[in-house]
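J.: One structure coming up, written as structure tokens, with questions to follow.
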Amino acid sequence: MQLDKFVEIKDVEKQAWEALEKSIMYYKGLPVGTLAAYDVSVEALNYDQCFIRDFISSALIFLMKGRTDIVRNFLEVTLRLQPKEKQLDAYKPGRGLMPASFKVVSVDNKEYIEPDFGEHAIARVTPVDCCLWWVILLRAYSVATKDFCVAYRPEFQEGIRLIIELCLATRFDMYPTLLVPDGACMIDRRFGIAGHPLEIQVLFYAALRAAREMLICEDQENKDIIVAIDNRLPLLCGHIRQHYWMDLNRLNAIYRFKGEEYGKTAVNLFNIYADSLPYRELDKWLPRKGGYLCGNVGPSQLDTRFFTLGNLMAIISDLATEEQAQAIMTLIEYRWEDLVGDMPMKICFPALENEEYRIVTGCDPKNIPWSYHNAGSWPVLMWMLAAAAVKTNRTHIAQKAIEIAQVRLWEDEWPEYYDGKGGRLIGKQARKYQTWTIAGFLLAKELIENPTHLPLISFEELSPELVSRACEFELNSVHTLLFG
């Protein structure tokens, strides 16, 4: 019986690798990425393209297996697609932006790369996260190869600089977080995450950390960017750790907040009204020693939904403190049926239902409750769960999740996502042989078996003194926090 199970699991891994190989996209004979999905049973639409965010899991498993050429080619191809000049046309992609995806087209027997910056996407959503993932991947490539020469090339230095300039541009906002529209990240449909969604803030933080390691002080432009990064990082870190955190102690504090406070002595900086939070549900749901980072914070807004990617990447990137990281993992373990269920893992929890669903999503038929981005289950998130489990020395959590998923993913032909409260239904519109599902599974197993790969995506702790000082300044004065 045990031998049969072992053989079956080996077959799962073998089929996963075969499917991943089939998904590789070639340009002029060179591997440059992976297709979003290799499902020949349905119309391709844009699933025959290589998406930057989708390719991350494939790129990381390729790096861990020593196949660095495809990652280097991907980085070079996408860098060439990055606009380098300022645009006067508001409908053109801005300087420094990275495309959401690209595909290889053939015209008169000549191959070309055709990018999509969101102008062809459903609802024309802006791919804010792609720039951030690109910087994170470039750093992962440098760490994996133990060679920063590619990152130090002038064109790559310019590419990094343009992305960071875009993120640090002068803006109307008064906080160290990055202001973005709805649908700007993995959740790329209307879902009420406009403003300062956790996922973007965590990727922003990781990209700043990565850029800080790769930028060299060879000219004034780089020096200015490095100074800006050094100024922003502790402020961003302290802001997220303080204002996005939710546990029973924090819930009690918010419950007693006063509203309409004015001036430098205000405690309720965002004017959160206590009655706007689902206290009864949170009081029952939060374990005594658990906690998590909330989904969004803004004027009179505290989105208390649990967003998985943001919380797991906060652990991996060292944005969360050690205590917060352990509390997040405790929450996942304690609320296993809600967050993991029969298919790791829920993209968020809970789902929007009834009138709230209709108002927030615009009656999106793909985002019905417990489906797709509205609390659907996405197997790709397993690799982040595995990385967070390694980071916190709680690998049993990830091992349990992998055991739940591996045979079923094979039998279900590697679907994009699952529906239902427990993740028992294959997603109503899910593609099969979804590449990031396949790569996410392989990557999760690799991280558990070889935790020495974690430094590809993780960082050392940011100076505690800088972060605590930033928190202290913010408590005293928002103006002081931002402008010194």
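The values are calculated or read from the model by the stated rules, or taken from the named source; none is laboratory data. On a predicted model such as this, the values are computed, not experimentally measured, just so you know. All Cβ positions, even for glycine, are placed from backbone atoms using ideal geometry, and neighbour counts span all protein chains on display. Just so you know, the surface numbers come from the protein's heavy atoms only, side chains and all, with ligands and any DNA or RNA stripped out. Shrake-Rupley method; radii C 1.70, N 1.55, O 1.52, S 1.80 Å.
J.: From the list Ile328, Ile359, Ile347, exactly one residue is more than 27 Å from Trp414 (Cβ to Cβ) and touching a Leu at 6+ places or on another chain (Cβ under 8 Å). Which is it? Break it down into steps so the answer makes sense when it comes.
T.: On the way: Ile359 fails: touching a Leu at 6+ places or on another chain (Cβ under 8 Å); Ile347 fails: more than 27 Å from Trp414 (Cβ to Cβ).
After ruling out the rest, the residue left standing is Ile328.
J.: Can I ask one more? Report whether or not Gln434 is buried (at least 19 other Cβ atoms within 10 Å of the Cβ), touching a strand residue (DSSP E or B) at 6+ places or on another chain (Cβ under 8 Å) and under 25 Å from Leu456 (Cα atoms). I'd like the intermediate steps shown before the answer.
T.: On the way: buried (at least 19 other Cβ atoms within 10 Å of the Cβ): yes; touching a strand residue (DSSP E or B) at 6+ places or on another chain (Cβ under 8 Å): yes; under 25 Å from Leu456 (Cα atoms): yes.
Yes, satisfied.
J.: List the residue pairs whose Cβ atoms are under 6 Å apart, where the first residue sits in region 399-424 and is touching a residue at least 40 places away in the same chain (Cβ under 8 Å) and farther than 21 Å from Glu446 by Cα, the second is among the charged types (D, E, K, R) and open to solvent by less than 70 Å² (accessible area, probe 1.4 Å), and the two are 6 or more positions apart or on different chains.
T.: Sorted first by the residue in region 399-424, then by its partner, the pairs are Gly422/Asp342; Gly423/Asp342; Arg424/Asp342.
J.: Would you confirm, using the coordinates I've provided, whether Arg232 is in a helix (DSSP H, G or I), among the basic types (Lys, Arg), within 30 Å of Ile164 (Cα to Cα) and open to solvent by less than 60 Å² (accessible area, probe 1.4 Å)?
T.: yes
J.: Using beta carbons and a limit of 8 Å, which pairs, at least six apart or on different chains, have the first residue in region 113-137 and hydroxyl-bearing (Ser, Thr, Tyr) and the second one open to solvent by 30 Å² or more (accessible area, probe 1.4 Å)?
T.: Correct list of pairs: Thr126/Pro181.
J.: Something else now. Find all pairs meeting these conditions: Cβ atoms under 8 angstrom apart; at least six residues apart or on different chains; first residue within region 71-93 and free of Cβ contacts under 8 Å to residues at least 24 places away in the same chain; second residue open to solvent by 50 Å² or more (accessible area, probe 1.4 Å).
T.: Correct list of pairs: Pro83/Lys92; Pro83/Arg95; Glu85/Arg95; Lys86/Arg95; Gln87/Arg95.
J.: Identify, please: which residue in region 131-179 is part of a loop (DSSP other than H, G, I, E, B) and either under 22 Å from Leu454 (Cα atoms) or among the aromatic types (Phe, Trp, Tyr) (or both) and is, among those, most open to solvent (accessible area, probe 1.4 Å)?
T.: Phe172
J.: Does any residue of region 338-349 turn out to be assigned to a helix (DSSP H, G or I), open to solvent by 10 Å² or more (accessible area, probe 1.4 Å) and more than 18 Å from Leu198 (Cα to Cα)? Talk me through it step by step, then tell me what you get.
T.: Initially, region 338-349 is screened for residues assigned to a helix (DSSP H, G or I), giving 338-339.
Keeping just the survivors that are open to solvent by 10 Å² or more (accessible area, probe 1.4 Å) gives 338.
Now drop any that are not more than 18 Å from Leu198 (Cα to Cα), which leaves 338.
Scanning region 338-349 turns up at least one residue that is assigned to a helix (DSSP H, G or I), open to solvent by 10 Å² or more (accessible area, probe 1.4 Å) and more than 18 Å from Leu198 (Cα to Cα).
J.: Which residue is surrounded by the most Cβ atoms within 10 Å (Cβ to Cβ), if the candidates are limited to region 307-337 and must be without any contact (Cβ under 8 Å) to a residue 60 or more places away in the chain and either in a loop (DSSP other than H, G, I, E, B) or in contact with a Phe, Trp or Tyr (Cβ under 7 Å, 6 or more places away or on another chain) (or both)?
T.: Checking each candidate, the answer is Leu331.
J.: Please return the ranges of helices (runs of 4 or more DSSP H) entirely within region 402-484 where 3 or more residues are within 26 Å of Thr392 (Cα to Cα) and modelled with pLDDT of 90 or more.
T.: Result: 435-449.
J.: So which residues in region 235-247 are closer than 26 Å to Leu331 by Cβ and assigned to a helix (DSSP H, G or I), if there are any at all?
T.: Within region 235-247, Leu236, Cys237, Gly238, His239, Ile240, Arg241, Gln242, His243 meet the criteria.
J.: Provide a single number: the residues in region 400-424 that are of a type in the set (Gly, Ala, Ser) and open to solvent by less than 10 Å² (accessible area, probe 1.4 Å).
T.: Matching residues across region 400-424 total 3.
J.: Yes or no: region 182-194 includes at least one residue that is of a type in the set (Val, Ile, Thr), surrounded by fewer than 20 Cβ atoms within 10 Å (Cβ to Cβ) and farther than 21 Å from Leu233 by Cα.
T.: no
J.: Can you work out which of the residues in region 65-109 that are in contact with a strand residue (DSSP E or B) (Cβ under 9 Å, 6 or more places away or on another chain), under 30 Å from Thr452 (Cβ atoms) and in a helix (DSSP H, G or I) is most open to solvent (accessible area, probe 1.4 Å)?
T.: Asp69
J.: Out of the residues in region 343-363 that are in contact (Cβ under 8 Å) with a residue 24 or more places away in the chain and out of contact with any strand residue (DSSP E or B) (no Cβ under 8 Å at 6 or more places or on another chain), state the one that is farthest from Asn296 (Cα to Cα).
T.: Filtering region 343-363 down to residues in contact (Cβ under 8 Å) with a residue 24 or more places away in the chain leaves 343-352, 360-362.
Cutting the leftovers down to out of contact with any strand residue (DSSP E or B) (no Cβ under 8 Å at 6 or more places or on another chain) gives us 360, 362.
On the way: Val360: 14, Gly362: 19 Å.
Applying the filter and picking the extreme gives Gly362.
J.: Same structure again: Just to be sure I understand, how many residues within region 113-130 are open to solvent by less than 30 Å² (accessible area, probe 1.4 Å), of a type in the set (D, E, K, R) and not in a strand (DSSP E or B)?
T.: 1
J.: Of these, Glu213, Glu221, Glu199, Glu281, which one is open to solvent by 30 Å² or more (accessible area, probe 1.4 Å), within 28 Å of Glu355 (Cα to Cα) and part of a helix (DSSP H, G or I)?
T.: None of the other options fit; the residue is Glu281.
J.: Which of the residues belonging to region 76-101 are closer than 9 Å to Pro115 by Cβ and small (Gly, Ala, Ser)?
T.: Across region 76-101, the qualifying residues are Ala100, Ser101.
J.: Now, a different point. Would you mention how many residues in region 16-56 are part of a helix (DSSP H, G or I), open to solvent by less than 60 Å² (accessible area, probe 1.4 Å) and among the charged types (D, E, K, R)?
T.: Going through region 16-56 one residue at a time, the tally reaches 2.
J.: Identify, please: which residue in region 75-117 is of a type in the set (Asp, Glu) and at pLDDT below 90 and is, among those, nearest to Glu158 (Cα to Cα)?
T.: The selected residue is Glu85.
J.: Another one. Output the residues belonging to region 357-375 that are under 22 Å from the mean Cα position of the chain (by Cα) and part of a helix (DSSP H, G or I).
T.: Those that are under 22 Å from the mean Cα position of the chain (by Cα) and part of a helix (DSSP H, G or I): Val360, Thr361, Lys366, Asn367.
J.: Here is a follow-up. Return the pairs, sorted by first residue and then second, in which the second residue is of a type in the set (S, T, N, Q) and outside any helix (DSSP H, G or I), the first residue lies in region 219-247 and is in contact (Cβ under 8 Å) with a residue 12 or more places away in the chain and closer than 30 Å to Lys289 by Cα, the beta carbons are less than 8 Å apart, and the residues are 6+ apart or on different chains.
T.: Within 8 Å, the pairs are Pro234/Ser463; Leu236/Thr177; His239/Thr177; Ile240/Thr177; Arg241/Thr321; Met246/Thr304.
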